[in-house]
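To start, the structure under review is shown below, and the notes come after it.
Readers should treat all values here as calculations from the given coordinates under stated rules, not as data from a laboratory. Quick caveat: nothing in here was measured; it's all calculated off a predicted structure. Virtual Cβ from ideal backbone geometry, glycine too; neighbours counted across all protein chains shown.
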Amino acid sequence: MKNVLITLGVIGLLLFLVFQWVVGINNQIIEKEGITKAQWANVESSYQRRADLVPNLVATVKGYAAHEKETLEGVIKARSEATKTTIDPTNITEEQMAKFQQAQQGLSGALSRLLVTVERYPDLKANQNFLELQSQLEGTENRINVERNRYNELTGAYNIYIAKFPTNFIANFINKKSLPLYKSAEGSDTVPKVEF
């Protein structure tokens with residue numbers, strides 16, 4: 001009888017240790033996933049800051065370059081598309097990420113065209129409001145890049161963690177999938193041609 005109790009005690013202890021190990025891995029997966037999703041919110045927040053700057057930038061340019069209506073309308077439309085496209089951080093997929101990136105690239109392109117147009121207006125380039133908005137936009141673009149890089153860093157660590165043995169068994173059991181990385185725009189690896 002004593003041997004049976006010892007055997008049951010050892011089995012119970014082993015089951016308890018395995019349970020604790022599984023719970024620990026489960027909690028780490030959830031924590032890493034939560035941190036990654038919170039970082040995605042930071043990416044979206046940075047993009048929102050950029051979108052919030054656009055109306056002020058357009059209003060400032062409009063006063064100087066009223067006949068650049070097509071360019072200004074393009075920026076407004078691109079901003080609308082960019083702010084309309086969001087991602088549910090609890091279910092980030094490759095398709096959602098691609099759609100989000102496409103909308104943000106549209107706004108980036110429209111802003112680039114706007115800033116090229118501004119070169120034709122020396123009075124506007126000297127306007128203090130415009131200079132401050134341009135500086136804020138540059139800072140926001142840098143912030144967006146930092147937040148995207150941080151998101152990719154955390155996502156990469158999460159994806160590696162849930163793919164490693166034996167964590168992958170628990171990740172599969174609790175249905176945790178890898179998260180998509182933020183990728184550069186297609187064609188961004190080619191150097192733009194500059195002509196004067």
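Residues of the range 92-122 falling in the label zone of Lys62, defined by backbone nitrogen less than 17 Å from a point 7 Å along Cα to beta-carbon, are 111, 114-115, 118.
Say R0 is 25 Å: what FRET efficiency, to the nearest 0.05, do Ala98 and Lys164 get from their beta-carbon distance?
0.40
Model label sites at Asn175 and Glu119, defined 7 Å from Cα along the beta-carbon direction, differ in position by 5.3 nm. Suppose R0 equals 30 Å; then what is the FRET efficiency for Lys183 and Leu131 from their Cβ-Cβ distance, rounded to the nearest 0.05? Once rounded, the FRET efficiency stands at 0.35. Taking 24 Å as the limit for the C-alpha separation, the pairs Lys99/Lys164; Lys37/Lys183; Lys62/Lys183; Lys84/Lys176; Lys62/Lys99 exceed it in the case of Lys99/Lys164; Lys62/Lys183; Lys84/Lys176; Lys62/Lys99. Between [x] 1.54; [y] 1.08; [z] 0.98, which entry matches Cα Rg over 2.2 N^0.38 Å as derived from the coordinates of this structure? Derived directly from the coordinates: [x]. Taken about its Cα centre, the range 1-127 carries a charge dipole of roughly 140 debye when the Cβ of each Lys and Arg holds +1 and the Cβ of each Asp and Glu holds -1.
For Ala163, neighbours were defined as the other residues whose beta-carbon sits under 14 Å from its Cβ, and their charges (Lys and Arg +1, Asp and Glu -1) total +3.
Could you calculate the contour length gain from Met1 to Val146, that is, 0.36 nm times the residue separation minus the distance between their Cα atoms, to one decimal place in nm?
Once the chain is fully extended between Met1 and Val146, it gains 45.7 nm.
For the chain, the longest principal axis of the Cα atoms and the long axis of helix 94-118 meet at an angle of about 20 degrees.
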